[in-house]
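What follows is a short report on a single structure.
Since every read-out is calculated from the coordinates, none of them should be taken as a lab result. The structure displayed is predicted, hence computed values, not measured ones. Note that each Cβ is placed from the backbone with ideal geometry, even for glycine, and that neighbours are counted across all protein chains shown.
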Amino acid sequence: MARRGARDASGFAVGAAFGPGPASGSDPDGGGRGARRVCDCAGSGSRASVPRVGASRAPAEVIAEGLAPSLGPNAARAAVRTFSDRVLGCRPDEISLADAPKLLQALRPMLRTLLGQAPAEVVVAEIEEALR
């Protein structure tokens, strides 16, 4: 098992044991795992652009970076890792451009639940554009 915090070449955690967050009371906000931070661009009408896939950028990285403003970077990487394993049966660094639409389709219900239908479709559309 890899040490806690170890990352593979694409930046995804490998072999990490994800235990509970800090104990209740250790957070200055008193919320245990911390207060949920709202994206700075929420309500402003502008969203950070999702970097496009380049020769050195894996589709999983682009998808995780596209999800990060809405879910946070750690939850975005965890979602990509979990859904790539469950839907595609592979690790995030093994996802090809041909697999990306299937992964995005699988992420849609979760995004609709967390963000709402319209914001989820905007996020997915931005990621699809970045993957082109």
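I need a count of the residues in region 75-95 that are touching a Pro at 6+ places or on another chain (Cβ under 7 Å) and assigned to a loop (DSSP other than H, G, I, E, B).
So the answer is 1.
Quickly run through region 123-132 and pick out the residues that are exposed (fewer than 15 other Cβ atoms within 10 Å of the Cβ) and closer than 19 Å to Pro69 by Cα. Even if it seems obvious, please write down each step before you answer.
Residues of region 123-132 that are exposed (fewer than 15 other Cβ atoms within 10 Å of the Cβ), as a first pass: 125, 129, 132.
Selection gives Ala125, Glu129.
Any residue in region 96-107 that is polar (S, T, N, Q), assigned to a loop (DSSP other than H, G, I, E, B) and loosely packed, with under 13 Cβ neighbours inside 10 Å?
yes
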